[in-house]
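The values are calculated or read from the model by the stated rules, or taken from the named source; none is laboratory data. Quantities reported herein were computed from a predicted structural model and do not represent experimental measurements. Counting neighbours? That spans all protein chains shown, and the Cβs are built from the backbone with ideal geometry, glycine included. The protein model used for the area step is the full one, side chains on, heavy atoms only, and it has no ligands, DNA or RNA in it. Shrake-Rupley method; radii C 1.70, N 1.55, O 1.52, S 1.80 Å.
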Amino acid sequence: MKIEYYIFLSIALFCIGIVGVLTRRNAIIVFMCVELMLNAANLLLVAFSKMHHLAQKASNPTAGTDGQLFVFFIMVVAAAEVSVGLAIIVMMYRNVHSVDINFLNRLKH
Amino acid sequence: MNISEILFYFLSAMALGSAIMVVVSKNAVHSVLWLIITFFAISGHYILMNAQFLGIVNLIVYAGAIMVLFLFVIMLMNLNADTEPKKNRWLKMAGIVAGGCLLLVLVAALKNAEIRGQQAQFNEGNIGLIQNLGEVLFTEYVVPFEISSILFLSAMVGAVVIGKRGD
């Protein structure tokens with residue numbers, strides 16, 4: 001499959017995530033859109049690793065493994081990030097009884 | 001057009017459609033369910049590129065663990081009613097226009113990129129199998145692997161400390 005199809009698919013997913021972050025007010029949905037953007041980047045990393053492998057496999061039979069391991073580490077970091085982020089959202093809900101992100105501007109007072 | 005290409009287009013349409021549904025659906029629980037479908041489609045893409053380890057890890061970690069955490073938090077807060085306040089209509093329009101502009105700029109910048117026409121290996125190749133990835137992970141990348149365990153430990157402690165009922 002041509003690489004530009006994967007590029008365009010990832011760009012589209014990423015932009016949908018951006019639109020979600022900019023237009024929604026529910027903090028949990030904003031967080032889910034961030035996860036969507038992270039997954040678009042992961043998909044592109046895997047596609048590029050397979051492209052690199054196809055181009056380099058004659059000289060280096062394991063070319064492209066690094067890209068897939070980066071995706072693995074991104075998933076590890078994302079799991080840690082989600083656990084802390086959801087804990088922050090729960091704490092915010094407990095304090096202001098809402099998950100509306102507009103309430104977060106009270107942080108400056 | 002063989003079966004893998006049909007599968008590629010089908011999975012792409014599924015990912016994009018359910019991603020749009022994540023953004024537009026009013027109910028937060030529905031958003032989570034659509035996001036799970038998106039993750040399934042992305043896992044399908046990984047398996048189509050023969051990155052089987054990542055496909056399964058994506059299913060277990062994202063669709064399994066993270067989305068259950070999201071659902072759990074949403075149900076804990078009792079948000080499954082339509083409680084989200086309306087955002088200003090013009091702000092919404094501005095967000096959509098900004099995202100569309102980003103899409104336009106990225107597509108225009110990358111449509112004549114140098115790598116145009118190169119193929120991503122499809123349906124074959126064994127770098128994505130567990131054996132190869134495991135060998136590299138436990139030799140070359142063993143230090144980052146151990147550091148990520150420390151990251152998990154600190155994230156766990158952080159989540160417990162933040163989520164603890166205040167004194």
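Before moving on, here are some points about what is shown:
- Count of the range A:80-95 residues which are within 12 Å of B:GLY158 (Cα to Cα) and touching a residue at least 24 places away in the same chain (Cβ under 8 Å): 3
- Of all the residues in the range A:25-42, those that are facing chain B (nearest Cβ under 7 Å) and either open to solvent by 20 Å² or more (accessible area, probe 1.4 Å) or within 14 Å of B:LEU103 (Cα to Cα) (or both) number 1.
- Which numbered condition A:SER49 misses (of (1) buried (at least 24 other Cβ atoms within 10 Å of the Cβ); (2) among the polar types (S, T, N, Q); (3) touching a Lys or Arg at 6+ places or on another chain (Cβ under 9 Å)): (3)
- Selected residue (only one of B:GLY166, B:GLY125 is loosely packed, with under 12 Cβ neighbours inside 10 Å and at pLDDT below 80): B:GLY166
- Scoring B:ALA94 on the criteria (1) surrounded by 12 or more Cβ atoms within 10 Å (Cβ to Cβ); (2) under 23 Å from A:ALA55 (Cα atoms) leaves a single failure, condition (2).
- Looking across the range A:53-94, just one residue is closer than 25 Å to B:LEU59 by Cβ, open to solvent by 60 Å² or more (accessible area, probe 1.4 Å) and not in a helix (DSSP H, G or I), and that is A:THR62.
- Selection of the range B:136-165 for residues being part of a loop (DSSP other than H, G, I, E, B) and of a type in the set (A, V, I, L, M, F, W, C) yields only B:PHE138.
- All told, B:ASN123 meets the bar of being more than 8 Å from chain A (Cβ to nearest Cβ), under 25 Å from A:ILE11 (Cα atoms) and touching a residue at least 12 places away in the same chain (Cβ under 8 Å).
- Yes/no for A:ILE18 being modelled with pLDDT of 90 or more and either open to solvent by 10 Å² or more (accessible area, probe 1.4 Å) or more than 8 Å from chain B (Cβ to nearest Cβ) (or both): yes
- Selection count where residues are facing chain B (nearest Cβ under 8 Å) and within 20 Å of B:ILE150 (Cα to Cα), scope the range A:49-87: 16
- Residue in the range B:80-90 that is modelled with pLDDT of 85 or more and either under 27 Å from B:LEU11 (Cβ atoms) or not basic (Lys, Arg) (or both) present: yes
- Taking the conditions (1) assigned to a helix (DSSP H, G or I); (2) more than 13 Å from the chain's Cα centre (by Cα); (3) without any contact (Cβ under 8 Å) to a residue 40 or more places away in the chain in turn, A:ASN42 satisfies each one other than (2).
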